[in-house]
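Since every read-out is calculated from the coordinates, none of them should be taken as a lab result. What you see is a predicted model, and the numbers here were worked out from it, not measured in a lab. Heads up, the Cβs are rebuilt from the backbone with ideal geometry, glycines too, and the neighbour counts pull from every protein chain shown.
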Amino acid sequence: QKEVEQNSGPLSVPEGAIASLNCTYSDRGSQSFFWYRQYSGKSPELIMSIYSNGDKEDGRFTAQLNKASQYVSLLIRDSQPSDSATYLCAVKINDYKLSFGAGTTVTVRA
Amino acid sequence: KAGVTQTPRYLIKTRGQQVTLSCSPISGHRSVSWYQQTPGQGLQFLFEYFSETQRNKGNFPGRFSGRQFSNSRSEMNVSTLELGDSALYLCASSSSGPTPGNTIYFGEGSWLTVV
């Protein structure tokens, strides 16, 4: 079983719509969860971190965490063409490393 | 506040050669970790250093090694390069510690091509 799994993509949404990204993880003891955005040819850029159950909002981004279900999600509201990128879910393992999902590629259609 | 700095950004090496990549973490950060990203395997953890000590190592062969200096700067070395080592190598830094809030920030990466 992979440590982190993301819903398979690619995901195509029209401009202005909501993009929904999902991630599950296997280590029940994990405490820290991150969403990174990676544009083609660039390094991952942190966009959200979440540590407690519930929702965390930052601008057009909302992260949701459910530790009982071992589930993390990211919602992108009012999607813009500039949101077109690969989104990586990452879970901190043992305080020393991040385990990443394979990523979901999002394309926002103008 | 400067971010994570990696050098060189791009390099081409020949099979059998060795390569050294350098990373300067964010000022004040003492934890430096390295990741390899390839299209087939995604982002994979190589190793992590804190106060010059390697605390954890990923599932990579011994050809991959690293070290950290007293100023928290880190280097990683790959010896006897293989074609499959072609990848984006990412350095990340954090303030570390057991609290959940220690975020990990990535540098721009070093693109290694082995021919």
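Taking every residue in A:86-99 and counting other chain Cβ atoms within 10 Å of its Cβ, the average works out to 5.
Annotation for region B:18-40 versus region A:1-52: alpha-carbon center distance of 21 Å.
Diagonalising the gyration tensor over the Cα atoms of chain B and scaling each eigenvalue by 5 before taking the square root yields semi-axes of 23, 14, 13 Å, largest first.
A cut-off under 14 angstrom between Cβ atoms defines the neighbours of B:Pro8, and their net charge, with Lys, Arg +1 and Asp, Glu -1, is 0.
Lys and Arg at +1, Asp and Glu at -1: add these up for the other residues within a Cβ distance under 14 Å of A:Thr86 and post the number.
Details: positive: A:Arg37, A:Lys42; negative: A:Glu45, A:Asp83.
Neighbourhood net charge equals 0.
Set the Förster radius R0 to 35 Å, insert the Cβ-Cβ distance between B:Ser27 and A:Lys2 as r into 1/(1 + (r/R0)^6), and round the FRET efficiency to 0.05. The calculated FRET efficiency here is 0.50. Around A:Glu3, with a cut-off of 12 angstrom between Cβ atoms, what is the net charge of the other residues, counting Lys and Arg +1 and Asp and Glu -1? Neighbour charge sum, excluding A:Glu3 itself: +2. Using θ = phi - 60° in the Karplus curve 6.51 cos²θ - 1.76 cosθ + 1.60, the 3J(HN,Hα) couplings for region B:79-91 round to 9, 6, 4, 10, 4, x, 7, 4, 5, 9, 9, 10, 9 Hz; x is entered for Gly and Pro. For the cross-link pairs A:Lys2/B:Lys57; A:Lys97/B:Lys57; A:Lys42/A:Lys92; A:Lys2/A:Lys97; A:Lys92/B:Lys57; A:Lys2/A:Lys92, the ones whose C-alpha atoms lie over 20 Å apart are A:Lys42/A:Lys92. Springs join every pair of Cα atoms under 10 Å in this Gaussian network model of chain A, and among A:Val91, A:Val13, A:Val72 the largest mean-square fluctuation is at A:Val13. Using θ = phi - 60° in the Karplus curve 6.51 cos²θ - 1.76 cosθ + 1.60, the 3J(HN,Hα) couplings for region B:44-61 round to 10, 6, 9, 6, 9, 10, 9, 6, 6, 10, 7, 9, 7, 9, x, 8, 10, x Hz; x is entered for Gly and Pro.
Legend: mean number of C-beta atoms from other chains within 10 angstrom of residue C-beta atoms, peptide B:80-93, equals 1.
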